[in-house]
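The values are calculated or read from the model by the stated rules, or taken from the named source; none is laboratory data. If you're wondering where the values come from, they're calculated on a predicted model, not measured in any experiment. All Cβ positions, glycine included, derive from the backbone under ideal geometry; neighbour counts span all protein chains shown. Side chains included, ligands, DNA and RNA excluded: accessible areas come from the protein's heavy atoms. Shrake-Rupley method; radii C 1.70, N 1.55, O 1.52, S 1.80 Å.
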Amino acid sequence: MQRTTELTPPPVRSAGGEASPTRAMIALVALIAVIAVLWLGFDFLRNRDVPQILGGVVAVIWGVGGVAALFTVANMLVESFSNKWRDRIQPYIFVGPAVALLGWFLLTPTLRTLWQSFFAGKDFAGLDNYVKAFTNREMLQAFQNNALWLVVGTSGCVIFGLLIAVLADRSRFENVAKALIFLPMAISFVGAGIIWRFVYAVQPREDPQIGLLNAIVTGMGGEPQAWIQTPGLNTYFLILVLIWMQTGFAMVIFSAALKGVPEDLLEAARLDGASEVQAFFRVVVPYIQGTIITVTTTIAIFTLKIFDVVIVMTGGQFNTDVVATQFYKNYFNNPGYGSAIAIVLFIAVLPVMIYNLRQFRKQEGF
């Protein structure tokens, strides 16, 4: 006779889980303690009598350790809830602080700037500042220059970046070429502006002091030119600095996208009699169209917000002002008018940024 052994299954935990009041109370007390310690650390760091070295050490320990402790005890508190509420609340524990900081440091100043734009001093001015922003001669020149930066600068970066990416991918010296083209990305816009001021430099009335570009011109028998002091042409020479810096960024992104183009598609196009140029425009470009749009919109945002290059190289003189430099020049004397200019710039950038985010979402970037 054969005996059968019946195995008793382990008890199944309910889908909702069970809350732990004791654990929740402990976690809540710990959370309050951590917040108190963080506040005491903040109060300690505000004390100007604290030695700098000690303040730096405390800031590192307080900042890193405090944030880690805050997330740990907050997670403990959430873990004490039932499974149903835990799944609902836990994501906000980790995302909530970042959203709160963004709201405090971005949304709040934006709303304050918007409110301030309706005032002239302490008097309510309505839309007068905005009317002035769209009718002032200097602002109209700034809008025109921003349009040049947007069209010429963005298209130049995208075209040269794509062209160099295609050529570099077919070269034996691909890594060296890409490194050299990408190198200007390591320089800040301020640093790039200073470098290119020396390139365009000219002082013909005194002892000749000329930059690299004028040295080439004079070496070919020409006369030194005031490249960035000549209205009408100087903005294009400033845009060249942006193209020099951002072409490397576009090249790297395009190079990664080009490597993802299936070789089978290119072989099929060649078998159908397409030339390399036809295969590029009819196969490669449509395949990486999403990347091209993303890079274009990203650089377009840079051009709309351009400030550093202009303020360093010309200070906005010689008809090179852009919207950002107009904001900088006017805000300190007339905060209401300067705030209106800032809101105009924000509104100009916002649609491009939203479109850029939508493209990221289509590509499952986030």
Worksheet, complete the sentence: Computed about the Cα centre, the charge dipole of region 161-290 from +1 Lys/Arg and -1 Asp/Glu charges at the Cβ has a magnitude in debye, to the nearest 20, of 180
Worksheet entry | Whole-angstrom gap from region 115-154 to region 302-366, using each part's C-alpha centre | 11
Worksheet item: In degrees between 0 and 90, to the nearest 10, how far off the longest principal axis of the chain does helix 137-148 point, with axes built from Cα atoms?
Response: 80
Item to complete: Show which lysines lie in cross-link reach of LYS329 when reach means a straight Cα distance below 22 angstrom and same-chain residues fewer than eight apart are skipped.
Response: LYS122, LYS132, LYS305
Worksheet item: To the nearest 0.05, how large is the calculated FRET efficiency for SER20 and ASP87 if R₀ is 22 Å and r is the Cβ-Cβ distance?
Response: 0.85
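Highest mean first, what order results for 80-86, 131-137 on Cβ atoms within 10 Å?
Working: 80-86: 15.9, 131-137: 14.0.
Per-residue mean Cβ counts within 10 Å order the peptides as 80-86, 131-137.
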Worksheet, complete the sentence: Per the charge dipole of the chain (beta-carbon charges, Lys/Arg positive, Asp/Glu negative, Cα centre), the residue among ALA348, PRO335, TRP39 reaching farthest to the positive end is TRP39
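Return one whole number: the accessible area per residue of region 18-78 in Å², for a 1.4 Å probe.
Working: 4310 Å² over 61 residues.
Counting only protein heavy atoms, the per-residue value for region 18-78 is 71 Å².
Under unit Cβ charges (Lys, Arg +1; Asp, Glu -1), what dipole magnitude, rounded to 20 debye, does the chain have relative to its Cα centre? Please list the in-between numbers first.
On the way: 25 positive and 22 negative charges, 154 e Å.
With only Lys, Arg, Asp and Glu charged at Cβ, the dipole is about 740 debye.
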Fill in: Charge context of MET139, other residues only, Cβ under 12 angstrom, K/R +1, D/E -1
+1
Discussion item. Rounding to the nearest 10 and keeping the result within 0 to 90°, find how far the Cα-based axis of helix 66-79 lies from the longest principal axis of the chain.
Written reply: 40
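For region 144-276, calculate the relative contact order in percent as a whole number, restricting contacts to Cα pairs under 8 Å that are 6 or more residues apart. Kindly include the intermediate steps, with their values, before the conclusion.
Working: 119 pairs, mean separation 48.5, N = 133.
Rounded, it is 36 percent for region 144-276.
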Worksheet item: Among ALA257, PHE280, THR296, whose Cα sits farthest toward the positive end of the charge dipole of region 250-323 (+1 at Cβ of Lys/Arg, -1 at Cβ of Asp/Glu, about the Cα centre)?
Response: THR296
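Set the Förster distance to 22 Å, then compute FRET efficiency between GLU263 and ILE159 from the Cβ-Cβ distance, nearest 0.05.
Numbers: r = 25 Å, r/R0 = 1.12.
So, using R0 = 22 Å, E works out to roughly 0.35.
In debye to the nearest 20, how big a dipole does region 221-299 give about its Cα centre with +1 on each Lys and Arg Cβ and -1 on each Asp and Glu Cβ? Walk me through the numbers before you get to the answer.
Working: 3 positive and 6 negative charges, 41 e Å.
Value, rounded to 20: 200 debye.
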Practice prompt. Provide the packing ranking of 222-232, 319-329, 339-349, i.e. peptides ordered by the mean count of other C-beta atoms within 10 Å per residue, highest first.
Written response: 319-329, 339-349, 222-232
Worksheet entry | Cα long-axis angle, helix 83-102 against the chain (0 to 90 degrees, to the nearest 10) | 30
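Averaged per residue, what accessible area in Å² does region 178-324 show with a 1.4 Å probe, protein chains only? Intermediate results must be reported in sequence, preceding the final value.
On the way: 7650 Å² over 147 residues.
Computed with neighbouring chains in place, this is 52 Å² per residue.
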Fill in: Positive-end extreme of charge dipole, region 118-241 - chosen from GLY219, ASN136, LEU163 (charges on Cβ)
LEU163
Discussion item. Over 28 Å apart: what share of the alpha carbon pairs of the chain falls there, rounded to a whole percent?
Written reply: 67
